[in-house]
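The values are calculated or read from the model by the stated rules, or taken from the named source; none is laboratory data. Nothing here was measured: the structure is a model prediction, and the numbers come from that model. Neighbour counts run over all protein chains shown; Cβ positions are idealised from the backbone, glycine included. Calculation scope for accessible area: heavy atoms of the full protein, side chains included, ligands and nucleic acids excluded. Shrake-Rupley method; radii C 1.70, N 1.55, O 1.52, S 1.80 Å.
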Amino acid sequence: MRRLRFDIDNSDSPSSVWISPLDDYAFVTLQGNKQVVIIDLIKGEIMSRIGVGAAAQGQAYDPTSGRLFIHNFLDRSVTVYEIAAFLRSGRLPEGPAQTLRTVANEQLAAEVLTGKQIFYNASDERMALESYISCASCHLDGGHDGRTLDFHGRGEGFRNTTDLRGRRGTGHGRVHWTANFDEIQDFEHDIRAAFGGTGFMSDADFARANTSLGAKKAGKSAALDALAAYVTSLDATPRSPYRAGDGSMTAVAVRGAEVFKRLDCASCHSGSDFTDSATGATHDVGTIGPNSGNRLGAELTGIDTPTLLGVWATAPYLHDGSAANLEAVFATGPSNGDHGVARGITADDRADLVAFLRQLETGDTNPGQTEPEPVQQQGFHGSPLLIAATGTTRIEAEEYDLGGEGIAYHDVDSTNNGGAYRTDAVDIETTRDAGGGHNVGWIANGEWMEYAINVAAAGTYDVELRVARGSNGGSWLRVVTSDNESGVATVPSTGGWQSWTTVSTRVELSAGPQSLPVYLGGGINFNWLSLTPVAVAGLNGPIQEQNGLVAIELADYDRHEATSEHAWEPIIGLADTAGEALVAAPNLGANLGDSIAGPHLVYHVEFATAGTWYLWLRAWGTSESNNSCHVGLNGQPASFGRWGLGLV
């Protein structure tokens, strides 16, 4: 047989080849194009292309039936062609004879499977120009191609292809060697530029988010979000073949763990992910040089720390691929640098260290990690979120308190199924709800989260909760107040995990800083909650304007707010007419200034006429000094301040 080389133009990733029995034809599956190319080996030319399913990766011929079977990995199918007549006469088959399903119960979530199909599909014009490249071209099965690519044309220099497995999308932190993307949706930049695709976002949305570390792209394209969901689902590294037969680390690797700890490798390769990427830190370990390029158009000063989990499978090493093996990593850079320190240890210790690194897998404990200081519970942004006395305050579900498991939240397992936004055990993913952002998902019955709030005014609050439920039947959420009262909202099936609806309940909140726990039933997604104060009318309903006047009886308040030093008490007979007066008692001579933070009454008044209004108060004082009356509008002190009251 002659040795032939063919340029299969405008195509991606030939994945298998079958040669006909007479060596006259070659059938080549194109993984990224949903096609099989038929090559005439006698004439040395491409005859035709026939259609198959997504990610065709293998084929087999049955000489008895004359059928060719093509396995479509991501369509979960086998395409069957009758080719006996073709092999005899060269007449192309008109179409497939049959398509067989290969999977009865799909194990991947629908969005993840869709994202994986997009990841592999070079024939989608949104992904690439002329069908020549997809994400899987370099990252087959989420792995890497072992190549170092020259990205000087895009200002990045030499870049070693990274392995996506075990990284959980942005679960380790920013992505790329230069940490220039902070969400997987930022690959829209590479798709539109280097790939030549039209992109998955609308041009208008992309124009509003046209920098990789700027406005978020999540929630702007269902296809792009599905792509991110697939990349985020890659939560485990491949098993190391260097381990003992029972899967444990060898004695040599155990010794290497002590070397790792002694050299303080965890100062950069820290935490359970063996990287400090999540902190935003970058480092120059002596590898940045003339061919390293730039970062986002500016000088490159540091490299993102790669994880060491699964490092056995990721050669070559370093950002420019300059180290062929792990031993070579320690020969790179200055001898007193981060990696060069390993040159100062014995050869046996260095061999032990390399053995330890080669056996690291997802879930391994970092031997150099000290126990962290206990985290005190606090609001996600530091201080409690202010719940305003008027209007609606919204709380994002994923912005629950800091403090960890059993303190700020409870999750039934330690696996972060979504891997987005935060790195603890709560399962967070990109949402496709209006407004974008993230939602908490994979919720199991009995999980909960707490939110630090500071309520400006005590009272009744309407609570709205944004939820989705893909399963049949109902579920629930329960909001618990500091007074141990709760409001329960029922969550119906919404028809999909990203099909959102709003449910509601009502709670009573006291004023001041407090924690607001939300307990969750199983099988729901949770995006946000909002709190809106309910206007409660006084004894006789809202106080109405009549004939240009508003008359307010002091006792007809909506609610009263008091402190331990000042309490409102009814006192009979002190007014100049028969009836009841309300005073702040006891009188401690407190000067409350021009605020309304002290004890006060709230009235619900409905004005029919806009404009300037004059206010008269009939009041009395118990002494010649330290008496004052404050008036506010909508929770804020009025601009005219306060009146002093003399003895009456």
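Numbers below:
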quantity	calculated
Within segment 328-347, considering residues that are over 15 Å from ASN160 (Cβ atoms) and among the aliphatic types (A, V, I, L, M), the one least open to solvent (accessible area, probe 1.4 Å)	ALA342
Members of segment 286-327 that are among the aliphatic types (A, V, I, L, M) and open to solvent by 30 Å² or more (accessible area, probe 1.4 Å)	ILE288, LEU296, ALA298, ALA315, ALA324
Within segment 295-345, tally of residues that are part of a strand (DSSP E or B) and among the basic types (Lys, Arg)	1
Selection within segment 1-38 - open to solvent by 10 Å² or more (accessible area, probe 1.4 Å), β-branched (Val, Ile, Thr) and part of a strand (DSSP E or B)	VAL17, ILE19, VAL28
Strands (runs of 3 or more DSSP E) enclosed by segment 47-134 - at least 2 residues per element that are open to solvent by 40 Å² or more (accessible area, probe 1.4 Å)	56-62, 67-72, 98-101
Any hit, segment 150-169, residues being of a type outside the set (Phe, Trp, Tyr), under 28 Å from SER322 (Cβ atoms), touching a residue at least 60 places away in the same chain (Cβ under 8 Å) and assigned to a helix (DSSP H, G or I)	yes
Top-ranked residue of segment 189-203 - restricted to ones that are open to solvent by less than 50 Å² (accessible area, probe 1.4 Å) and not in a loop (DSSP other than H, G, I, E, B), ranked as farthest from GLY436 (Cα to Cα)	GLY196
Restricting segment 159-212 to residues that are among the acidic types (Asp, Glu) and over 16 Å from ALA228 (Cα atoms), the residue that is modelled with the highest pLDDT	ASP203
Residues being without any contact (Cβ under 8 Å) to a residue 60 or more places away in the chain and closer than 20 Å to PRO384 by Cα - total across segment 449-484	6
Candidate set from segment 252-290 (those that are part of a loop (DSSP other than H, G, I, E, B) and β-branched (Val, Ile, Thr)); member that is nearest to the chain's Cα centre (by Cα)	THR275
Yes/no for GLY115 being in contact with a helix residue (DSSP H, G or I) (Cβ under 9 Å, 6 or more places away or on another chain), of a type outside the set (A, V, I, L, M, F, W, C) and closer than 20 Å to GLY32 by Cβ	yes
Lone qualifier among ARG358, ARG350 - being surrounded by 17 or more Cβ atoms within 10 Å (Cβ to Cβ), of a type in the set (D, E, K, R) and more than 26 Å from LEU164 (Cα to Cα)	ARG350
Those residues of segment 383-429 which are part of a strand (DSSP E or B) and of a type in the set (A, V, I, L, M), in sequence order	LEU385, LEU386, ILE387, ILE395, LEU402, ILE428
Segment 472-488, subset in contact with a strand residue (DSSP E or B) (Cβ under 9 Å, 6 or more places away or on another chain) and farther than 25 Å from LEU402 by Cα, residue surrounded by the most Cβ atoms within 10 Å (Cβ to Cβ)	SER475
Pick from segment 99-109, criterion of a type outside the set (S, T, N, Q) and more than 18 Å from the chain's Cα centre (by Cα), ranking: nearest to LEU234 (Cα to Cα)	LEU108
Residue ID - nearest to ALA229 (Cα to Cα), chosen from residues in segment 403-443 that are open to solvent by 30 Å² or more (accessible area, probe 1.4 Å) and of a type in the set (A, V, I, L, M, F, W, C)	TRP442
Flag for GLU398 being closer than 27 Å to ILE184 by Cα, touching a helix residue (DSSP H, G or I) at 6+ places or on another chain (Cβ under 7 Å), crowded, with 19+ Cβ neighbours inside 10 Å and not small (Gly, Ala, Ser)	no
Scan of segment 220-243 for residues that are surrounded by 20 or more Cβ atoms within 10 Å (Cβ to Cβ) and more than 28 Å from THR362 (Cα to Cα), ordered by number	LYS220, SER221
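Results for (1) of a type in the set (Lys, Arg); (2) at pLDDT below 90; (3) within 27 Å of ASN417 (Cβ to Cβ), shown as yes or no for each residue.
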{"residue": "VAL488", "(1), (2), (3)": "no, yes, yes"}
{"residue": "GLY496", "(1), (2), (3)": "no, no, yes"}
{"residue": "ARG506", "(1), (2), (3)": "yes, yes, no"}
{"residue": "GLY521", "(1), (2), (3)": "no, yes, yes"}
{"residue": "ILE524", "(1), (2), (3)": "no, no, yes"}
{"residue": "VAL534", "(1), (2), (3)": "no, yes, no"}
{"residue": "ILE543", "(1), (2), (3)": "no, yes, no"}
